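A short write-up of the structure that comes next.
The values are calculated or read from the model by the stated rules, or taken from the named source; none is laboratory data. All of these numbers come straight from a predicted model, not from anything done at the bench. Reconstructed Cβ throughout: ideal geometry from the backbone, glycine too, with neighbour counts over all protein chains shown.
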Amino acid sequence: MTMGQEGAAKGTSRNGVVRTYQRYAPVYDGMFGAVLEPGRRALAQAASVLCNGSRLSLLEIGVGTGLTLPLYPPSFEITGIDVSDGMLAKARERARRMPDRDIELHLMDGENLTFPDHSFDCVALPYVLSVTPEPARLVAEVRRVCRPGGVVFVLNHFNGNRFWWALERMVRPLADRVGFRSDFDLAEHVLRHDWTVTAVREVNFLGLSKLVTIRNA
Ligand SMILES: C[S@@+](CC[C@H](N)C(=O)[O-])C[C@H]1O[C@@H](n2cnc3c(N)ncnc32)[C@H](O)[C@@H]1O
């Protein structure tokens, strides 16, 4: 199976992602803002502990409407990217309301980043790994642009939680329509890579999502 076929076979396509999130953009914060907020807060808190007041560069892939931006420590130099210009327009509005913060936003595909190798101290993936068409390709790009010894945060829903299995199964065939894969495996998409997972923590209501902290060895 080629790289291009992987996403199509498992649920999302590039056009599908762009189309779906263009549609979500006006209503995304109402639908997914509060319900996924504890996870975003946990991510930002973990990043804050890591920086301990120092100035670190952080790339957020799939920045969406920018819901995590206000939660990061003010000392961070943040770059956010997204493939949906509708979502990004909302993030730009949000960033404009924080003129004292160092935030850059770009329309860019996380699977084809234009940044040089080792550009960032941290890379954050809030709710994007199960959305992107080819997760392995996204991970390869994350590892390239994150400096050696840098930290990667993956925040996502993964399968195997007894409270959510029925919903996972119902939504599974609709991945390209709803804009994410509900049945997404932690071992297959995160643990199998040659990097060092330092923490896995359940977040959100009834452990809907996990925050995974990784050292880019
Ligand atoms: C579920 S939303 C998450 C948005 C935000 N991070 C949050 O916390 O709510 C997924 C976002 O990832 C974006 N996305 C999906 N695949 C992407 C890719 N390969 N590169 C950049 N952005 C991507 C979508 O356009 C969408 O805005």
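Residues that are modelled with pLDDT of 90 or more, buried (at least 18 other Cβ atoms within 10 Å of the Cβ) and touching a strand residue (DSSP E or B) at 6+ places or on another chain (Cβ under 7 Å) are absent from the range 28-35 altogether.
Restricting the range 52-91 to residues that are among the hydroxyl-bearing types (Ser, Thr, Tyr) and closer than 18 Å to Arg19 by Cα, the residue that is nearest to the ligand (Cβ to nearest atom) is Ser84.
For the range 54-110, which positions are touching a helix residue (DSSP H, G or I) at 6+ places or on another chain (Cβ under 8 Å), acidic (Asp, Glu) and assigned to a helix (DSSP H, G or I)? Result: Asp85, single match.
Check Ala44, Ala9 and return the single one that is modelled with pLDDT of 95 or more and at negative phi. Outline the logic, then answer.
Details: Ala9 fails: modelled with pLDDT of 95 or more.
The conditions single out Ala44.
Is it the case that Leu36 is near the ligand (Cβ under 8 Å from one of its atoms) and at negative phi? The answer is yes for Leu36.
Taking the stated definitions as given, is Val49 within 8 Å of the ligand (Cβ to nearest atom), among the hydrophobic types (A, V, I, L, M, F, W, C) and either closer than 24 Å to Arg137 by Cβ or in a helix (DSSP H, G or I) (or both)? Show your work before the answer.
On the way: within 8 Å of the ligand (Cβ to nearest atom): no; among the hydrophobic types (A, V, I, L, M, F, W, C): yes; either closer than 24 Å to Arg137 by Cβ or in a helix (DSSP H, G or I) (or both): yes.
No, not satisfied.
Applying the condition of being within 14 Å of the ligand (Cβ to nearest atom) and part of a loop (DSSP other than H, G, I, E, B) to the range 163-186 and asking which residue is modelled with the highest pLDDT yields Phe184.
Step by step: first the residues of the range 92-112, then only those that are within 7 Å of the ligand (Cβ to nearest atom) and of a type in the set (D, E, K, R), then the one that is farthest from Val139 (Cα to Cα). Which residue is that? Walk me through how you get there before you give the answer.
In the first step, residues of the range 92-112 are kept if they are within 7 Å of the ligand (Cβ to nearest atom); the result is 108-111.
Adding the requirement that they be of a type in the set (D, E, K, R) leaves 109, 111.
Details: Asp109: 12, Glu111: 8 Å.
Filtering first and then ranking leaves Asp109.
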